[in-house]
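Working notes for the structure below.
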Amino acid sequence: MRIYLLLVCSLLSNFVINAKDEPLYAVSSIPEIMKTGMYAVIREQELRFEINSEKNATTYGRVVITILNPNALSYAKKILFYDKFNVVRLFKGVSYDANGDVIKKLKSSEIYDQSEYDGSLYSDNRLKIADLSHGTYPYTVEFEYEIEQKALLHAPGFRLYMDDEISIQKSKYVLIYPLALKPRYKSFKIQNPTVGTYNNKEMLEWNFENVRPEKFEKFSPHSNQIIPNISVAPTSFEYDKYSGKMDTWDNYAKWITLLNKDRSELPEQSKKYIQDLTKDARSASEKVQLLYEYLQSKTRYVGIQLGIGGYQPFEASVVDQTGYGDCKALSNYMVSMLKEVGIKANYTLIRAGENEPDIDVSFPSSQFNHVIVAVPNNTDTLWLECTSQTNPFGYLGDFTGDRHALMITDDGGKIVKTPSYSAKDNIQSRIADVLVELSGDATAKVQTTYRGLQYESNDLNFILNHQYDDQKKWIQKNVRIPAFDIASFKMVNHRGVIPSAIVNTELHLKRFATVTGKRIFLTPNLMNKSTYMPEKVDSRRANIVLRKPFIELDTIHYRLPEGIYPEFLPEPMKVNSRFGEYESTFSLEEGKLLYIRKLKMNKGEYPPETYREFSEFFKGINKADNTKIVFMSKT
């Protein structure tokens, strides 16, 4: 479910035009400290949200940003999204040269208007695009806009910055509202607002000056836990004549129930088919699986964003007839089919996406972008991703796993947690047999098993259902050996609640070992060398967050040419820390070298002062993974 947020995708692109005819924004007036290390400077910005009624609000924005170099080119463009519930009332733009003199005033004819339709959606969403980019740096652009919301479901929140290389001279965020419709807000690392009045309404105002953003750090918490921000949500609202409250999760869930009311009826013929399909099932779980796989074979995902369709599913009968729907419609259809065979299932809202933050469970609001189905099953719960025609039954994976969701119940709503996957679930296991020749070339037979979240490595879970050529390209891209040819390969898909895939390959390895005179240099780690090294920092600020636990196991058998022997055999290597464990061993017997490697990474959040240990852990792994063995020839 695509939630249409009027949050500006970038704070830096959200605001409106100075009332002066020819404002002066000379680059020379920017303090040097605000330019150093930056590729743009926000001179002024304002975001103002005014609530007029339960079904009407206005968002006004203005930004003046100086583009110092091409790295900030995207900020010379402004995009406004709109639809039948969000009407663009004002859109202006001006550009200035380095002296602050006007280069160009944006004409209405220069604002490009197009559908947001992307080929996978039926949508009445549209967008307006204005581009004030200029070939000579530095220069300044100013955008101003106003959007009327004809539904009060969302309020634009605020982030102090979205980019760690853009400083801010002045920034303002304003909320205006009647006392009877006072919205809720939650701030993070931001002081309390100034309280005032505007047009007989209450006004909250936050002001910021001379902000240099903190540099982003890898392996940090999500940005909403680092960047100063304000979340805002209405208490009472109306959307396309559907009124509701979101002061509690129960109340918000009741509004979703209202949208879904009387949309679960199935045609009689389909009811009979569903009953016949499941009549011999030996358990409720088996019935669920039969109907889930029937859903996958019968339907396909098509995004629907027409009017209230962004929130309200198509009737189950429509999906049954047409064979398509979006996440809401397909999930509602699945719930309806399960109801027909006596199984209770719950329509469940979630924020999906591998890199999306979890919802803030302490702040009831419309934070979701997707719908899945939860099926309570005794002490367990079956989880169904209804938009995929290939997803294994009961598997959620990175897209919706390990996060909170709002399960819609008969009594309202309940915050639930989707399954998380442990290191023992997420295993990449490799067994290889490698024949090394005196020339340094080699041939290898490799079997790699990808299990749990590893099943999704570089989109392997999708490639498993593709044709030969796509699968071959995947192997060519993901086999981490400098030079090789693929002699043959085969992929096997094992679908399940914890799915796995087996990839078998036969490879010709060119110059795998380095031959120098009588010496042969060989790196035993065949195709899993660690290359990541945390950057050096004087003082880490953010916690270190490791989100995905996993295990890697490599067992490599090397058959060596006759007449060679090792100058030395490395000692077993172990690297242990709170972040994980690493071990590699080497053994030689009857002309065969056996290399075994194991890496286990833990999930967790660790304090900044452990960063040095974190760096040393990876340094140790890199050193071990790149260990070479030197062989001598007897001839």
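Miscellaneous remarks
- Full extension of the chain between residue 470 and residue 576 yields a length gain of 34.3 nm, computed as 0.36 nm times the residue separation minus the alpha carbon distance.
- The length gained on full extension between residue 148 and residue 186, counted as 0.36 nm times the residue separation minus their Cα-Cα distance, comes to 11.3 nm.
- Other-chain or far-sequence residues with amide H under 5 Å of residue 409's (modelled H): 414
- Förster radius 35 Å - calculated FRET efficiency between residue 390 and residue 269, Cβ distance, rounded to 0.05: 0.80
- Cβ crowding within 10 Å, taken as a proxy for footprinting-reagent exposure, orders 38, 527 from fewest neighbours to most as 527, 38.
- Counting only DSSP beta bridges whose two residues both lie in the chain, roughly 85 percent are antiparallel.
- Neighbour net charge for residue 359 - beta-carbon separation under 12 angstrom, K R +1, D E -1: 0
- If you sort the three axes of the alpha carbon gyration tensor as a ≥ b ≥ c, you get a/c of 1.5 or more for the stretch 220-358 and a/b above b/c, which makes it prolate.
- Gain in span if fully extended, residue 548 to residue 459, counting 0.36 nm per residue against the direct Cα distance: 30.5 nm
- Extending 7 Å from the Cα toward the beta-carbon at both residue 225 and residue 212 defines two label points whose distance is 2.7 nm.
- Rounded Å value of the spacing that divides the Cα centres of the stretch 255-299 and the stretch 317-354: 9 Å
- D by Stokes-Einstein for the chain, Kirkwood Rh over Cα pairs, 37 °C, 0.692 mPa s: 116 µm²/s.
- Backbone geometry of the stretch 463-478 corresponds, through the Karplus equation with coefficients 6.51, -1.76 and 1.60 at θ = phi - 60°, to 3J(HN,Hα) couplings of 5, 4, 9, 9, 7, 3, 5, 5, 5, 5, 4, 4, 5, 4, 7, 10 Hz, x marking Gly and Pro.
- Hypothetical label at residue 481: residues of the stretch 549-572 whose amide nitrogen lies under 17 Å (7 Å Cα-Cβ projection): 554-561
- Residue-averaged [θ]222 nm for the chain, counting only DSSP H segments that reach four residues, each worth -39500 (n - 2.57): -4500 deg cm²/dmol
- Applying 1/(1 + (r/R0)^6) with r as the Cβ-Cβ distance of residue 74 and residue 557 and R0 = 45 angstrom yields a FRET efficiency of 0.30.
- Inter-probe distance in nm under a simple model that places probes 7 Å from Cα toward Cβ, at residue 628 and residue 420: 4.3 nm
- Sequence-ordered 3J(HN,Hα) estimates for the stretch 61-72 from the Karplus curve with 6.51, -1.76 and 1.60 and θ = phi - 60° stand at x, 8, 9, 10, 10, 8, 8, 8, 7, x, 4, 9 Hz, glycine and proline given as x.
- Projecting the Cα atoms of 200, 384, 127 onto the charge dipole of the chain (Cβ charges, centred on the Cα centre) puts 384 farthest toward the positive pole.
- Cβ-placed point charges (K, R +1; D, E -1), dipole of the chain about Cα centre in debye, nearest 20: 680 debye
- At an R0 of 56 angstrom, the distance between the Cβ atoms of residue 137 and residue 56 translates into a FRET efficiency of 0.85.
- Modelled this way, with points 7 Å down the Cα-to-C-beta line, the labels at residue 127 and residue 602 are 4.3 nm from one another.
- Reported to the nearest whole Å, the Cα centre-to-centre distance from the stretch 70-144 to the stretch 603-621 is 43.
- Whole-Hz Karplus values for the stretch 479-486 come out as 7, 8, 10, x, 9, 7, 10, 8 Hz, taken residue by residue from phi with 6.51 cos²θ - 1.76 cosθ + 1.60 and θ = phi - 60°; glycine and proline positions read x.
- For the residue pairs 105/186; 417/536; 241/261, the alpha carbons lie more than 26 Å apart in 105/186; 417/536.
- Label-zone membership for the stretch 337-351, site residue 404, 7 angstrom Cα→C-beta point, backbone N under 12 Å: 351
No lab work stands behind these numbers, since they all come straight from the coordinates. Computed from a predicted structure; not experimentally measured. Neighbour counts are summed over all protein chains in view; Cβ atoms, including those assigned to glycine, are modelled from backbone coordinates with ideal geometry.
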